[in-house]
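Here's the structure we're looking at; comments come further down.
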There are 2 protein chains.
Amino acid sequence: MTDDLKYWNTAILIFDGVEVLDFAGPYEVFSRTRTVPDFESRRSEDSAPSRVFTVAPERREIRATGDLRVMPHFSFADAPAIDLLLVPGGFGTRPLVEDAATIAWIQRVAASAQLTTSVCTGAALLAKAGLLNGKRATTYFGSYDWLTSIDPTITVERGVRFVDDGIVSSAGVSAGIDMAFEVVAKRCGREVAEETARYIKYRWEGGGERRGGRGLAAKA
Amino acid sequence: MTDDLKYWNTAILIFDGVEVLDFAGPYEVFSRTRTVPDFESRRSEDSAPSRVFTVAPERREIRATGDLRVMPHFSFADAPAIDLLLVPGGFGTRPLVEDAATIAWIQRVAASAQLTTSVCTGAALLAKAGLLNGKRATTYFGSYDWLTSIDPTITVERGVRFVDDGIVSSAGVSAGIDMAFEVVAKRCGREVAEETARYIKYRWEGGGERRGGRGLAAKA
């Protein structure tokens, strides 16, 4: 990635049992973001600040929740350099926290990525990888205790939509869309994020700083 | 479909250039809806009121906007009976309005479906199929004129999130999520829709009737 952050590689991890909106929401946001406003700019990648792709443990069709079938662009073995890693959640995270290859891949990618993020129970995978050690984080509201059972040094922020403590973690499912816009705002400016939200008719309410959260933590 | 609407087949049309969130948002809503609340019910289909699947013109991998790769469950040739049809939008609708096979399929399915719906520029496909003739409808805010250029008898409702005039059409991208919840509320009751919205942490603001819209038309 160049220093001016003009173009970055965004990898979205997918796996069997990944929650559809956990990965598809941020995929929509990152892949539709343009630094040039309006409709025409979305027809090409010319003003796209990020290239977005999916990565799965293996290069085979994955089955998301509800059986949506998605073919990953890359596997762990052949993924290109990753600047921004997004780890979504879903029921599939339960077996995946025990998958040594996945945890090792997350550790390896996070070590060189500019930013590592999670949606929903994707935080459990980051916790298992040791990435949330001693940090503040959030996750799906049904999984707060699961997170601290993996790593008791994590300070779980309850009832927020996302937390930025170096690693950016978001709450359940739809909260990943808000987090993605927040990442875009930090990297490309708030105007770009707001224009993209209008483009996809999303009622983005902006970041936590405006809403009295701690740091970037936005209230749910 | 049984008369009490306990279980219905929801088909989501996908095609090259379909907007990711247009189809993935409603897919998430319909496939995660359960008549029994909480987490455990989502682990099985036992209390799912709808079976959700994707249908594409042909049984091959499609490339959504941003190049997300999705494998359809069915093609036009082998799709099962469809009770609820959802036609999403995206840049891919521009060539697709000229595709006779797709328009004929939409006409055929809509003729026997209980409900036909569109998200974003999916309304253009419904218009081309003659399904919006003389009706009120909405679409993506950049495509209001396109809709009436296809069928001048359509009354386009501007600045609303969705319109129910027999055919249910929604505005751009994210508005499809609101429309999906409205359909769930009509079929399964508002409590089921609200519980599902909480489950996926979506800030659903409820239907247009509560918000002073005309009929079910909700303000954007």
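The values are calculated or read from the model by the stated rules, or taken from the named source; none is laboratory data. What you see is a predicted model, and the numbers here were worked out from it, not measured in a lab. All Cβ positions, even for glycine, are placed from backbone atoms using ideal geometry, and neighbour counts span all protein chains on display.
One residue alone among A:ARG51, A:ARG94 is within 12 Å of another protein chain (Cβ to nearest Cβ) and in a strand (DSSP E or B), and that residue is A:ARG51. Which numbered condition trips up A:GLY130, out of (1) under 15 Å from A:THR93 (Cβ atoms); (2) part of a loop (DSSP other than H, G, I, E, B); (3) not aliphatic (A, V, I, L, M)? Against the list (1) under 15 Å from A:THR93 (Cβ atoms); (2) part of a loop (DSSP other than H, G, I, E, B); (3) not aliphatic (A, V, I, L, M), A:GLY130 comes up short only on (1). Out of region B:145-163, which residues are in contact with a Lys or Arg (Cβ under 6 Å, 6 or more places away or on another chain) and free of Cβ contacts under 8 Å to residues at least 24 places away in the same chain? B:THR155, the sole residue that qualifies. Residues of region B:140-183 that are more than 14 Å from every other protein chain (Cβ to nearest Cβ), of a type in the set (D, E, K, R) and assigned to a strand (DSSP E or B): B:ASP164, B:ASP165. When region B:72-96 is filtered for residues that are surrounded by fewer than 18 Cβ atoms within 10 Å (Cβ to Cβ) and either aliphatic (A, V, I, L, M) or within 17 Å of B:LEU125 (Cα to Cα) (or both), the ones remaining, listed by number, are B:ALA77, B:ALA81, B:PHE91, B:ARG94, B:PRO95. Here are A:ASP38, A:ASP22: which of them is closer than 29 Å to B:SER47 by Cβ and within 13 Å of another protein chain (Cβ to nearest Cβ)? Every option except A:ASP22 fails the conditions. With respect to (1) assigned to a loop (DSSP other than H, G, I, E, B); (2) modelled with pLDDT under 95; (3) more than 14 Å from chain B (Cβ to nearest Cβ), the lone exception for A:LYS186 is condition (1). Filtered by the rule that a residue be surrounded by 19 or more Cβ atoms within 10 Å (Cβ to Cβ) and farther than 19 Å from B:TYR202 by Cα, region A:124-149 gives A:ALA124, A:LEU125, A:LEU126, A:ALA127, A:LYS128, A:ALA129, A:LEU131, A:LEU132, A:ARG136, A:ALA137, A:LEU147. Say whether the condition of being more than 11 Å from chain A (Cβ to nearest Cβ), surrounded by 22 or more Cβ atoms within 10 Å (Cβ to Cβ), hydrophobic (A, V, I, L, M, F, W, C) and not in a loop (DSSP other than H, G, I, E, B) is met by at least one residue in region B:11-19. Yes, because at least one residue in region B:11-19 is more than 11 Å from chain A (Cβ to nearest Cβ), surrounded by 22 or more Cβ atoms within 10 Å (Cβ to Cβ), hydrophobic (A, V, I, L, M, F, W, C) and not in a loop (DSSP other than H, G, I, E, B). Out of A:ARG69, A:ARG59, one residue alone is at the interface with another protein chain (Cβ under 8 Å from one of its Cβ atoms), surrounded by fewer than 24 Cβ atoms within 10 Å (Cβ to Cβ) and in contact with a Pro (Cβ under 8 Å, 6 or more places away or on another chain). It is A:ARG69.
Just one of the numbered conditions (1) within 11 Å of chain B (Cβ to nearest Cβ); (2) under 19 Å from the mean Cα position of the chain (by Cα) is not true of A:TYR7: (1). Consider B:ASP67 carefully, then state whether it is of a type outside the set (Lys, Arg), on the phi > 0 side of the Ramachandran plot and at pLDDT 95 or above. Taking the combined requirement at face value, the residue satisfies it. In the set B:THR102, B:THR117, only one residue is part of a strand (DSSP E or B), in contact (Cβ under 8 Å) with a residue 60 or more places away in the chain and within 17 Å of B:PHE23 (Cβ to Cβ); that residue is B:THR117. Quick check on region A:120-129. Is at least one of its residues in contact (Cβ under 8 Å) with a residue 24 or more places away in the chain, among the polar types (S, T, N, Q) and in contact with a Ser or Thr (Cβ under 9 Å, 6 or more places away or on another chain)? Yes, there is a match, as at least one residue in region A:120-129 is in contact (Cβ under 8 Å) with a residue 24 or more places away in the chain, among the polar types (S, T, N, Q) and in contact with a Ser or Thr (Cβ under 9 Å, 6 or more places away or on another chain).
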